[in-house]
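Asks: Pasting a structure below so you can have a look.
The values are calculated or read from the model by the stated rules, or taken from the named source; none is laboratory data. What you are looking at is a predicted structure, and each value in this text was computed from that prediction instead of being measured. Methodologically, a virtual Cβ is constructed for each residue, glycine included, from the backbone with ideal geometry; neighbour enumeration extends over all protein chains shown. Please note that ligands, DNA and RNA were not included when accessible areas were found on the heavy atoms of the full protein model with its side chains. Shrake-Rupley method; radii C 1.70, N 1.55, O 1.52, S 1.80 Å.
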Amino acid sequence: MASNQFLTLNSGHKMPIIGLGTWQAPDSEVEAAIDVALEAGYRHIDTAPVYLNEKAIGRALKRWLDSGKVKREELFIVTKLPTAANRARDVESTLKKSLADLQLDYVDIYLIHSPVTAEANEDGSLKFDADGLMVPDLSADITTTWTAMEKLVSSGLAKSVGVSNFDQEQLERVLKVAKIPPATNQIEHHVYLQQRDLVNFCKAKGIVITAYSPLGSKGLIKVNASAGINRKLPDLFDIPEVKEIAAAHGKSPAQVLLRWIVDNGIVIIPKSTNPERLKQNLNVFDFKLTPEEIAKLSTLDQNFRVCDWSLLRGVQRHPEYRF
Ligand code: A2P
């Protein structure tokens, strides 16, 4: 089964190289999608409180665990410390809230969702000013947050800890204080945004890259449009080179895009709530890209960031925001 391919993290734990992404997977769809995914062989599920679907995912996981069809130690569950709680004092309580929603005792990896910290309302939600802009919290520091993250490992609430959306300089600052280095840096990575320097830096430091938006997050086109954001996004499935390679192997463009990433030792978390596409995304190991095809795909980089966080208005005012 494809999902049985793992990478070993610097924490010693094994991470399935293909996970199910759940960003933009609404509550109403995600529970059924988890059922299909687990049935198909997915064992790695990526979520975050800001995706607003942890409770639905928790319901599906509980059913599967209670039925005995899957054991907890076979699952690899990822969730993240939100921007509004990105400060040392909020780390443990925020993870405990996610664990309650997910109906789990521990996560396999807990990630700092972004290096940015925002002020929070009483209920933990993001605070916005009168202009609808996120209010940066400049009192928090990623290194002290990291020290609090490390404590989750000793308390058993997280098997591993990591970061997301960190650049090299931010990682270097964390590594300077770290007793436990981040196990992964989850970043946007696909043929149009290859981030080679950052990928190579992480590899040299033993930090596994997890690629989010490995298919270019087409769903964002609709989300942006409904938020009034007029930004043209590329369609990676329509790139002639990708289509040509897909046709040569009798695979879909999505499968080619994904295989190219995992061949580089990078974890992928493609999102789908569609049963056929979700299965297709797991089925990427029954063909092999030639060195020429890999080289051709590697020339496609456009340094094009699909997820520029435009939806989080005001994020640009935080000095840790680097996109
Ligand atoms: P859907 O959930 O309807 O399948 P990313 O993982 O880069 O964020 O991309 C997710 C987007 O790509 C979603 O819109 C998803 O839609 C779509 N998608 C996921 N897998 C495939 C696939 N195999 N072929 C075509 N579109 C896909």
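Asks: Return the residues of segment 6-26 that are within 16 Å of the ligand (Cβ to nearest atom) and open to solvent by 40 Å² or more (accessible area, probe 1.4 Å); say none if nothing qualifies.
Replies: TRP23, GLN24, PRO26
Asks: Of all residues in segment 160-201, how many are of a type in the set (Phe, Trp, Tyr) and within 16 Å of the ligand (Cβ to nearest atom)?
Replies: Selection size over segment 160-201: 1.
Asks: Give all pairs with beta carbons closer than 9 Å in which a residue from segment 287-305 that is free of Cβ contacts under 8 Å to residues at least 40 places away in the same chain and of a type in the set (A, V, I, L, M) meets a residue that is in a helix (DSSP H, G or I) and surrounded by 10 or more Cβ atoms within 10 Å (Cβ to Cβ); count only pairs at least 6 apart in sequence or on separate chains.
Replies: Pairs that qualify, where the first residue is free of Cβ contacts under 8 Å to residues at least 40 places away in the same chain and of a type in the set (A, V, I, L, M) and the partner is in a helix (DSSP H, G or I) and surrounded by 10 or more Cβ atoms within 10 Å (Cβ to Cβ), are ILE294/TRP260.
Asks: Is it the case, given these coordinates, that VAL199 is surrounded by 20 or more Cβ atoms within 10 Å (Cβ to Cβ) and modelled with pLDDT of 95 or more?
Replies: The answer is no for VAL199.
Asks: Consider segment 290-319. How many of its residues are modelled with pLDDT of 95 or more and in contact with a Lys or Arg (Cβ under 8 Å, 6 or more places away or on another chain)?
Replies: Here the count works out to 1.
Asks: Given ALA227, ALA183, which one is open to solvent by 10 Å² or more (accessible area, probe 1.4 Å) and in contact (Cβ under 8 Å) with a residue 24 or more places away in the chain?
Replies: Values: ALA183 fails: open to solvent by 10 Å² or more (accessible area, probe 1.4 Å).
Matching residue, one of ALA227, ALA183: ALA227.
Asks: Here's something else I'd like to know. Would you pick out the residues in segment 188-219 that are farther than 16 Å from LEU175 by Cα and out of contact with any strand residue (DSSP E or B) (no Cβ under 9 Å at 6 or more places or on another chain)?
Replies: Selection gives VAL191, TYR192, GLN194, ARG196, ASP197, LYS218.
Asks: Which of the following residues is touching a strand residue (DSSP E or B) at 6+ places or on another chain (Cβ under 7 Å) and at pLDDT 95 or above: VAL262, VAL284, VAL256?
Replies: The unique qualifying residue is VAL262.
Asks: Among the residues of segment 281-300, is any more than 28 Å from ALA37 (Cα to Cα), part of a loop (DSSP other than H, G, I, E, B) and within 16 Å of the ligand (Cβ to nearest atom)?
Replies: yes
Asks: Just for segment 202-213: of the residues that are open to solvent by less than 40 Å² (accessible area, probe 1.4 Å) and in contact (Cβ under 8 Å) with a residue 60 or more places away in the chain, which one is nearest to the ligand (Cβ to nearest atom)? Can you show your working first?
Replies: Initially, segment 202-213 is screened for residues open to solvent by less than 40 Å² (accessible area, probe 1.4 Å), giving 202, 206-213.
Adding the requirement that they be in contact (Cβ under 8 Å) with a residue 60 or more places away in the chain leaves 206-208, 210, 212-213.
Details: GLY206: 26, ILE207: 21, VAL208: 18, THR210: 12, TYR212: 7, SER213: 4 Å.
The qualifying residue nearest to the ligand (Cβ to nearest atom) is SER213.
Asks: Does segment 7-39 hold any residues that are more than 16 Å from the chain's Cα centre (by Cα), closer than 19 Å to ILE261 by Cβ and among the hydrophobic types (A, V, I, L, M, F, W, C), and which are they?
Replies: ALA37, the sole residue that qualifies.
Asks: Here's something else I'd like to know. Name, by its number, the condition in (1) in contact (Cβ under 8 Å) with a residue 60 or more places away in the chain; (2) buried (at least 24 other Cβ atoms within 10 Å of the Cβ); (3) in contact with a Ser or Thr (Cβ under 8 Å, 6 or more places away or on another chain) that does not hold for HIS113.
Replies: (2)
Asks: Of all the residues that make up segment 88-99, how many are in contact (Cβ under 8 Å) with a residue 60 or more places away in the chain and of a type outside the set (A, V, I, L, M, F, W, C)?
Replies: Of the residues in that region, 2 qualify.
Asks: Could you list, in sequence order, the residues of segment 246-276 that are away from the ligand (no atom under 11 Å from the Cβ), of a type in the set (A, V, I, L, M, F, W, C) and within 19 Å of the chain's Cα centre (by Cα)?
Replies: Selection gives TRP260, VAL262, ILE266, VAL267.
Asks: Which residues, taken from segment 284-323, are open to solvent by 60 Å² or more (accessible area, probe 1.4 Å), over 27 Å from GLN5 (Cα atoms) and basic (Lys, Arg)?
Replies: ARG313, ARG317, ARG322
Asks: Within segment 246-276, track down each residue that is surrounded by fewer than 16 Cβ atoms within 10 Å (Cβ to Cβ) and closer than 25 Å to ASN53 by Cα.
Replies: Passing the criteria: ASN274, PRO275, GLU276.
Asks: Inside segment 218-245, can you point out the residues that are among the aliphatic types (A, V, I, L, M), at pLDDT below 85 and part of a loop (DSSP other than H, G, I, E, B)?
Replies: Listed by number, the residues that qualify are ALA227, ILE229.
The rows are residues; the columns are (1) open to solvent by 30 Å² or more (accessible area, probe 1.4 Å); (2) closer than 18 Å to THR22 by Cα; (3) within 12 Å of the ligand (Cβ to nearest atom).
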residue	(1), (2), (3)
GLY219	yes, yes, yes
ARG231	yes, no, no
GLU244	yes, no, no
LEU278	no, yes, yes
